[in-house]
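Here the structure comes first, spelled out in structure tokens, and everything after it is commentary.
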Amino acid sequence: MHAITDSPEWKALQNHKAELERTPMRALFASDPKRAERMSRSVGPLFLDFSKNRITEETLHLLVKLAERAQLRQTRDQLFAGDKINLTEDRAVLHMALRNRSNRPMCVGGVDVMPQVNAVLTQMRAFVERLQSGAWRGHTNKPVTDIVNIGIGGSDLGPVMVTEALRPYWHPRLQPHFVSNVDGSHMAETLKRLDPETTLFIVASKTFTTQETLTNAHTARNFVVEKLGSEAAVAKHFVAVSTAEAEVKKFGINPANMFQFWDWVGGRYSLWSAIGLPIACMVGMDAFEELLGGAHAMDEHFRTAPFADNLPVLLGLLGVWYANFFDAASHAVLPYDQYLHRLPAYLQQADMESNGKSTRRHGERIGAYTTGPIIWGEPGTNGQHAFYQLIHQGTRLIPADFIVAAKPHHALKNHQRILLANFLAQTEALMLGKTQDEARAELEKQGIQGDRLTLLASHKTFPGNRPTNSIVLDELTPTSLGMLVSMYEHKIFVQGVLWDLNSYDQWGVELGKQLASKILPELQDANAPLAHDSSTNGLVQHLRARWS
Ligand code: G6Q
């Protein structure tokens, strides 16, 4: 099969880029007072202004043609139809069914999955209501005050990110904790602060075989049994979320306390499933269902809106534009919202695990183009005092998404005004830059002259023309958050289609799972023979001598 880079649409974009290079964004704005109006779109409470990008209407038109060439429409239809588009794992990709609030049938292998989805939602509601009301009691008959989610990767990052984002909705009696790392300090530090009598552990693992999660879960189990003096306590202090009932039973958790999901839900797309249980415990089932509703509204938009008005399609195409035509190696996610402080880490997994690949769907190696960018970021305004220097004046082009909620959850109006002013000022400055003449004029006003003026003017010049998307939520609510996350999930899908990737497997993750289990016995037995490279052998010996 031909690579997308051989298509006339790709060539047309290359030529167009060469032409466009002569016109900076500054000039595009100056020549068209309606630019922002024409390059903004709303879906419910989510507003996207993508006018501060190095594009014209022609660019958009050519990018949409590229999407057509890549068969985006057909692949999107296959996705929603439950076709097994995850070819290497022979699975459908249907996390949209988990939040399908319309309840129209969605099928995998000809079977409507909605009844199972709704049954688990009902089970979750009953559990969450008992937990929040205090009806669920621990072994010593006390209500739960602390919830510890034990999971890693997709069974951790989504729940943490959303739970943190929805902090204003937390139940007042409950505190969440998330233990993911196998580094014992993560569990040890968490357990130090917990009373076993009032703690509930949620063991979250799709496969229920992940070494880190099972190690942490066994440690937590020992803690409960030891402190409460009875194996019977496990039933009151442990629930599981998994696709693997037999493994859950083996661990000793009663299947009645197990919340199920299915193999057509990828780990990093699973926060909408029972993997979202810690979220629901903290914010309540109504708010959790609002989160699902927001994501569903974005699914419907993605499924039906024309490409030129379709937020995930637009964001996906803009990403391709910079990654492939401007050689942008990374993409920054900059939430101007402290509640969204884990969004960059969450999107790092969602995007990089999905599109960090170099094999095409049918097995050909990719040589002629780059795929998924490095995703990174931190909340603003903190980032401004750290890495924004490089975004403004570095030699690399770093497209960035700026995300903000107009209405805050607090009453500190002055803080919000300053936050919004910074959000606006940064995207404006990145677009406009500052010419050498402007820098000189500013310095002259301060009375600086001669060689010093020349030196400072060149250091205080900003190239500008640096692209940003502005994403504005009316307010950070379960609904708008659901929309935001679903928008990014579909953006990732769009890019995967353009790059001809299977965005839904993760062989790099599986490799990590295999490798450590090979070396583990060599740390358990100090005399085990070593047959690695000299560096690894040396490190094993170095560690053996210092540890245990
Ligand atoms: C996500 C990945 C990976 C996975 C973890 C945890 O898409 O597959 O991050 O979520 O490795 O796996 P389990 O849920 O099976 O423990």
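Based on the mean of other beta carbon atoms within 10 Å per residue, what is the order of 135-142, 420-427, most packed first?
Averaged packing, sorted descending, gives the order 420-427, 135-142.
Considering only alpha-carbon pairs that sit under 8 angstrom and 6 or more positions apart, the relative contact order computed for the chain is 19 percent.
Angle of helix 285-304 to the longest C-alpha principal axis of the chain, folded into 0 to 90 degrees and rounded to 10: 40°.
Note that region 266-349 presents 21 Å² accessible area per residue, ligands and nucleic acids not counted, probe 1.4 Å. Projection of the Cα convex hull of the chain, averaged over all directions and equal to a quarter of that hull's surface, yields 30.6 nm².
Counting only protein heavy atoms and a 1.4 Å probe, tell me what percentage of region 167-318's accessible area is made up of carbon and sulfur. The computed percentage sits at 49.
Which lysines have a Cα less than 28 Å from the Cα of Lys407, not counting those fewer than 8 places away in the same chain? Those lysines meeting the cut-off are Lys34, Lys52, Lys491. Helix content alone sets the calculated 222 nm mean residue ellipticity of the chain: runs of n ≥ 4 DSSP H residues at -39500 (n - 2.57) each, divided across all residues, give -15000 deg cm²/dmol. Phi angles across region 234-248 convert, under the Karplus curve 6.51 cos²θ - 1.76 cosθ + 1.60 with θ = phi - 60°, into 3J(HN,Hα) values of 4, 4, 8, 10, 10, 10, 10, 10, 6, 9, 10, 4, 4, 5, 5 Hz, Gly and Pro given as x. At q = 0.25 Å⁻¹ the log10 of I(q)/I(0) for region 13-79 amounts to -1.10, computed by Debye summation with a single uniform scatterer per C-alpha, solvent ignored.
Placing +1 on the Cβ of every Lys and Arg and -1 on the Cβ of every Asp and Glu, with no other charges, gives region 93-228 a dipole of roughly 460 debye about its Cα centre.
Against the chain, whose longest principal axis is taken from its Cα atoms, helix 478-498 shows a tilt of about 70°.
Taking a straight line from the alpha carbon of Lys192, these lysines sit under 30 Å away, with near neighbours fewer than eight places off in the same chain left out: Lys142, Lys206, Lys227, Lys236, Lys249, Lys250, Lys513. Take each peptide in 309-316, 109-116, count the other Cβ atoms within 10 Å of every residue, and average; sorted highest first, the result is 309-316, 109-116. Over 10 Å intervals from 0, what percent of Cα-Cα pairs in region 1-153 sits in each interval? In whole percents, the pair-distance histogram is 8, 19, 22, 22, 16, 9, 4, 0.
If both residues of a DSSP beta bridge must be in the chain, then about 30% of such bridges are antiparallel. Here the Kirkwood formula puts the hydrodynamic radius of region 498-548 at 13.2 Å, using every distinct Cα pair. Using the Cβ of Ser548 as centre and a radius below 15 Å, the other residues enclosed give a net charge of 0, where K and R count +1 and D and E count -1. Give the cross-link partners of Lys11 among the lysines, using a straight C-alpha distance below 21 Å as the criterion and excluding same-chain residues fewer than 8 apart. Qualifying lysines at Cα under 21 Å: Lys65. Ranked by the mean number of other Cβ atoms within 10 Å of their residues, highest first, the peptides 464-472, 449-457 come out as 464-472, 449-457.
About the Cα centre of region 297-438, what is the dipole size in debye to 20, counting +1 per Lys and Arg Cβ and -1 per Asp and Glu Cβ, all else neutral?
Here region 297-438 has a charge dipole of around 220 debye.
The values are calculated or read from the model by the stated rules, or taken from the named source; none is laboratory data. Please read all numbers here as calculations on a predicted model, not as lab measurements. When we count neighbours, we look across all protein chains shown, and the Cβ atoms used for this are built from the backbone with ideal geometry, even at glycine. Note: accessible area is taken over every heavy atom of the protein model, side chains too, but ligands, DNA and RNA are not part of it. Shrake-Rupley method; radii C 1.70, N 1.55, O 1.52, S 1.80 Å.
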